[in-house]
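What follows is a set of notes on a single structure, which appears directly below.
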């Protein structure tokens, strides 16, 4: 894995992974940016949310659990002490006819193995999560 960042102006830059995928970074107007992209810290939260979705799908496949809808909403709070993410809470919403206990077990395994979540835990970030089964698939 690698990343290359090219600054363009003010607080704007583009980060590329070397495989043709890039992300625009900027600061919000309230921090003298032009709000043309996410902040680097927001990308960290987005990365965790996406990692949960990816690892859950992988884990569900291994456990032979089916679902027809998956949404992960993650919210992080900055610690006044450190100035960076202190807690992150994720709500996983599923559409599935599977047993709720099996889905919860899948989510527990997901959170335990999600590489971004492991980074957060090792950095002392408090990680919380919940599961909501919105509806059962027919």
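In this calculation the C-beta distance from residue 22 to residue 101 is compared with R0 = 41 Å, giving a FRET efficiency of 0.50.
Figure the gain on full extension for residue 30 and residue 54 (residue separation times 0.36 nm, minus the Cα-Cα span) and round it to one decimal in nm. Could the numbers behind the result be given before it?
Details: separation 24, 0.36 × 24 = 8.64 nm, distance 3.28 nm.
Result for the pair: 5.4 nm of gain on full extension.
Grab the DSSP H runs of the chain that are 4 residues or longer, score each as -39,500 (n - 2.57), total them, divide by all residues and round the 222 nm result to the nearest 500 deg cm²/dmol.
Numbers: 3 runs with 45 residues, N = 138.
Rounded to the nearest 500, the figure is -10500 deg cm²/dmol.
Of the three principal axes defined by the Cα atoms of the stretch 30-138, the extents in descending order read 50, 29, 18 Å. Axis of helix 40-62 versus longest Cα principal axis of the chain: the two differ by about 20°, to the nearest ten degrees.
Could you work out the relative contact order of the chain? I mean the mean sequence separation of Cα pairs under 8 Å and 6+ apart, divided by the number of residues, in percent.
Working: 229 pairs, mean separation 25.2, N = 138.
18 percent.
Length gained on full extension, residue 108 to residue 70, computed as 0.36 nm times the residue gap minus the Cα-Cα distance: 12.1 nm.
Values quoted throughout were computed directly from the atomic coordinates according to the rules given, and no laboratory measurement underlies them. Please read these numbers as outputs of a predicted model, since none were measured by experiment. Cβ: placed from backbone, ideal geometry, glycine included. Neighbour counts: every protein chain shown.
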